[in-house]
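What follows is a set of notes on a single structure, which appears directly below.
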Amino acid sequence: MATERVPEQTMIPLVEPQIGGNEWKYLRECIETNWLSSAGPFVDRFERMVAEYIGVKHAVATTNGTAALHISMILAGVATDDEVIVPTLTFIAPANAVRYAGGWPVFVDADPLYWQMDSNRVADFLDKGCRWHEGRLINRSTGRRIKAIVPVHLLGHACEMDSIMSVARKYGIPVIEDATESLGATYKGKQTGSIGDIGCLSFNGNKTVTAGGGGMIVTNDAALAERARYLTTQAKNEPVESIHNEVGYNYRLSNLHAAVGCAQMEQLPSFITKKKEIARAYRQLLGPIENVETMQEAPWASSTFWLYTIVQSGSNGTSRPLAAFLKDAGIQTRPLWQPLHQSPAHRGSQAIGGDVAGQLCKRALCLPSSVGLTGQEVEFVVNSIRSFFKTAL
Ligand SMILES: *Cc1c(COP(=O)(O)O)cnc(C)c1O
């Protein structure tokens, strides 16, 4: 057992930003040219860079990924008492965004292999748990209208998009991809975020590319992009006379943030290569350890392994004693999110299954995954996991 506590600052962090390019240079440019706020050349450049990278026609930068999701709900027409299909296993932001728009999430369980929203359950629910009424798809158990589907590409791994898109098209429901964790990940060669009607990205400090904070709405639909730009800039119809025809939001990204984002985007290919290397090293070294299941990559996916995650197998497994052991060894880890159908914040929401997510929440643990993580650090993490299972079980 590790005995001495390791001071916080020498911990191997779960995930931290990697600053190694033009960040300083571009920030200096902002300050020297006095373009600091929610307009400026870097905002435009950041949007173009991301749109080009993802392979979509339009991108609208926002203050963060949650704001991008909120606006996307409005773009999809989600309004009071509409329902939106969201995975139960995810960071809470997409479910909160549904509520901001006045809607209600319907939570769908994860698939046991790749942990993404179970596309079979989505199709089954829409086919059998809903009915048509006057051109609307109505949830049989709540009587509310189903208005959108939000696949979340968890941990850098794509959801099974073909099935989700085909059932969404069958019922005429828009798909909003939450690609906040999956920048650079692909589904059958297509970038996540470019497959549905709208994609949402995040540039928070823990994401693969950071702008210090930031988000983006990406789409091929010019009208949606224009409306996104309008809603994120206070719904201004006439700028000189300050005329607003709707209630808008102040969700535009600042030029300072976009400057950092541009510098980070330039490094994205190397970041992804590094993340994949880290994942390969973890998989190889963790493979022989009994009680540890490593992350699977679906045949349709090229994962960026945003956070490398393991599952503690065996009867009655829970990852928390391992997490405590690793903390004492100076390694920061984190369990996966509490399934949202169990979350007090979303009490009363309907859940389609949930046991897979419940088990993953109990047994999974995210390991250090920073782009700057060294091979030695990966070995240290794995050796610490190995000694836990030698001594503690
Ligand atoms: C990070 C994240 C978001 C939100 O991003 P912010 O920029 O932090 O608001 C949304 N959804 C998921 C799944 C995330 O992991």
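The values are calculated or read from the model by the stated rules, or taken from the named source; none is laboratory data. None of these values were measured; they are calculated from a predicted model. Cβ sites come from the backbone with ideal geometry, for glycine too, and all protein chains shown count toward neighbours. The accessibility values were calculated without ligands, DNA or RNA, using every heavy atom of the protein model including side chains. Shrake-Rupley method; radii C 1.70, N 1.55, O 1.52, S 1.80 Å.
Pairs linking a residue in segment 83-97 that is closer than 11 Å to P151 by Cβ and in contact (Cβ under 8 Å) with a residue 24 or more places away in the chain to a residue that is more than 10 Å from the ligand (Cβ to nearest atom) and open to solvent by 10 Å² or more (accessible area, probe 1.4 Å), with Cβ atoms under 8 Å and 6 or more positions apart or on different chains, are I85/F125. Here's a check for you: in segment 40-53, which residue that is closer than 16 Å to G213 by Cα and over 21 Å from the mean Cα position of the chain (by Cα) is surrounded by the most Cβ atoms within 10 Å (Cβ to Cβ)? Here the residue is F42. Contact list please: Cβ distance under 9 Å, first residue in segment 288-312 and touching a residue at least 24 places away in the same chain (Cβ under 8 Å) and over 15 Å from R334 (Cα atoms), second residue of a type in the set (K, R) and part of a loop (DSSP other than H, G, I, E, B), pairs at least six apart or on different chains. As it stands, the answer is W300/K188; A301/K188, since those pairs meet every condition given.
Taken over segment 119-140, the criterion of being out of contact with any Leu (no Cβ under 9 Å at 6 or more places or on another chain), within 19 Å of A79 (Cα to Cα) and touching a residue at least 24 places away in the same chain (Cβ under 8 Å) is satisfied by N139 alone.
In segment 48-132, which helices (runs of 4 or more DSSP H) lie fully inside it and hold 3 or more residues that are at pLDDT below 95 and either over 23 Å from A223 (Cα atoms) or not basic (K, R) (or both)? Full working, then the answer.
Numbers: elements: 65-75, 93-100, 119-128.
Filter on segment 48-132 gives an empty set.
Taking every residue in segment 180-206 that is at pLDDT 95 or above and more than 8 Å from the ligand (Cβ to nearest atom) and pairing it with any residue that is open to solvent by 20 Å² or more (accessible area, probe 1.4 Å) and among the small types (G, A, S), at least 6 positions away or on another chain, the pairs with Cβ-Cβ distances below 7 Å are A185/S302; T186/S302; Q191/G55; S194/G55.
If you check R140, R136, R169, which single one turns out to be among the basic types (K, R), away from the ligand (no atom under 11 Å from the Cβ) and over 29 Å from V60 (Cβ atoms)?
After ruling out the rest, the residue left standing is R140.
Out of the residues in segment 54-78 meeting the condition of being touching a strand residue (DSSP E or B) at 6+ places or on another chain (Cβ under 8 Å) and open to solvent by 20 Å² or more (accessible area, probe 1.4 Å), tell me which one is farthest from the ligand (Cβ to nearest atom).
Going residue by residue through segment 54-78, those that are touching a strand residue (DSSP E or B) at 6+ places or on another chain (Cβ under 8 Å) are 54-69, 71-73, 75-78.
Applying the additional criterion that residues be open to solvent by 20 Å² or more (accessible area, probe 1.4 Å) yields 55, 57-58, 63-64, 66, 75, 77.
Values: G55: 21, K57: 23, H58: 19, T63: 8, N64: 4, T66: 3, L75: 16, G77: 20 Å.
Only one residue fits best here, namely K57.
Pull up segment 146-160, narrow it to residues that are open to solvent by less than 10 Å² (accessible area, probe 1.4 Å) and assigned to a strand (DSSP E or B), then point me to the one that is farthest from the ligand (Cβ to nearest atom). That would be I146. Per the conditions (1) more than 15 Å from Y171 (Cα to Cα); (2) open to solvent by less than 10 Å² (accessible area, probe 1.4 Å); (3) touching a helix residue (DSSP H, G or I) at 6+ places or on another chain (Cβ under 8 Å), the sole criterion not satisfied by I85 is (1).
Restricting to segment 161-202, and then to whatever is hydrophobic (A, V, I, L, M, F, W, C) and part of a loop (DSSP other than H, G, I, E, B), can you tell me which residue is surrounded by the fewest Cβ atoms within 10 Å (Cβ to Cβ)? Give the steps one after another, and end with the answer.
Here is the first cut: in segment 161-202, the ones hydrophobic (A, V, I, L, M, F, W, C) are 161, 164-165, 167-168, 173, 175-176, 179, 183, 185, 195, 198, 200-201.
Remaining after also requiring part of a loop (DSSP other than H, G, I, E, B): 173, 179, 183, 185, 195.
On the way: I173: 21, A179: 30, L183: 29, A185: 24, I195: 24.
Looking at the filtered set, the residue picked out is I173.
Restrict the check to segment 214-227 and report whether at least one residue is part of a helix (DSSP H, G or I), among the charged types (D, E, K, R) and over 17 Å from V56 (Cα atoms). Working first, answer last.
Step one: filter segment 214-227 for residues part of a helix (DSSP H, G or I), giving 222-227.
In the following step, the residues that additionally are among the charged types (D, E, K, R) were identified as 226-227.
Within this subset, residues satisfying the condition of being over 17 Å from V56 (Cα atoms) are none.
No, segment 214-227 contains no residue that is part of a helix (DSSP H, G or I), among the charged types (D, E, K, R) and over 17 Å from V56 (Cα atoms).
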